[in-house]
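> Quick one: the structure is below, and I'll ask about it shortly.
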Amino acid sequence: MLGRHHHIFLADDDADDCLIFEEALREINIEVGLSMANDGKMLMSLLSDTQPSKPDLIFLDLNMPLMNGFECLSAIRKDPELKAIPVIIFSTTAVTDFVDKAYDRGADFYVTKPESFSKMKTMLAGILSRDWGSHKAQPRRDTFVIA
């Protein structure tokens, strides 16, 4: 479980989605720091600026300008300093091709953006209550998508 003094990153170019994410995080009372990037290049810059202190978890949208989520995921997985950070794809689409591509590139989980605020809170509470400290490997493909 993530708790006090832990930090997560959210990379998403949709300002409304970012605001809802941030508010839901506040309401579930799990104390974590949140940094946000509105495009892939900004995310990669934030990741390089935070060394040696890395985020504990990254939520990554796929459709972003400058550098999309797939490109970011590939860059993260190729970087020895970043590759162990759990990455959760956080997208509006659950098209099988996108899910397969995210899995093949090494994402840890795939979440479709919830359609309501209450579902957003439930999703975040579930993900953040996992023991990410002991998370070492990508799940099986059949448990990769979090409903």
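The values are calculated or read from the model by the stated rules, or taken from the named source; none is laboratory data. None of the values given here were measured: they were computed from a predicted structure. Using ideal geometry, Cβ is built from the backbone for each residue, glycine included, and neighbour counts are taken over all protein chains shown. All accessible areas refer to the heavy atoms of the entire protein, side chains included, with ligands and DNA or RNA removed. Shrake-Rupley method; radii C 1.70, N 1.55, O 1.52, S 1.80 Å.
> Which of the residue pairs Lys41/Lys113; Lys41/Lys121; Lys83/Lys119; Lys78/Lys136 have a Cα-Cα distance greater than 18 Å in the structure shown?
Those over the limit are Lys41/Lys113; Lys41/Lys121; Lys83/Lys119.
> Let me ask you something else. Under 5 Å between amide hydrogens, which residues at least 5 positions from Phe90 or on another chain qualify, with H placed 1.01 Å from N in the peptide plane?
Leu60, Asp61, Leu62, Val111
> Taking only Cα atoms and a 10 Å spring cutoff, compute GNM fluctuations for the chain and point out the largest among Asn63, Asn29, Asn38.
Largest GNM mean-square fluctuation: Asn29.
> Here's a follow-up. Using a Förster radius of 22 Å, what is the FRET efficiency between Asp104 and Ser129 based on their Cβ-Cβ separation? Nearest 0.05, please.
0.20
> Which residues in segment 86-113 place their backbone N less than 12 Å from a point set 7 Å from the Cα of Asp14 along the Cα-to-Cβ direction?
Answer for segment 86-113: 90-94, 112-113.
> Expressed as a rounded percentage, what relative contact order does the chain have, with Cα pairs under 8 Å and six or more residues apart?
Rounded, it is 25 percent for the chain.
> Rank Ser53, Ser91, Ser45 by accessible area, highest first, at a 1.4 Å probe radius?
Ser53, Ser45, Ser91
> Separation between the Glu31 and Ser53 pseudo-spin-labels, each 7 Å from Cα along Cα→Cβ, expressed in nm?
It is 1.5 nm.
> Under a Cβ-only charge scheme (Lys and Arg +1, Asp and Glu -1), can you give me the dipole magnitude of the chain about the Cα centre, in debye to the nearest 20?
Here the size comes out at about 580 debye.
> Between Asn63 and Lys41, what is the label-point separation in nm under the 7 Å Cα-to-beta-carbon projection?
2.1
> Follow-up. Along the charge dipole of segment 1-144, pointing to its positive end and built from +1/-1 on Cβ of Lys, Arg, Asp and Glu, which listed residue (Phe117, Asn63, Ser53) has its Cα farthest out?
Going by the Cα projections, it comes out as Ser53.
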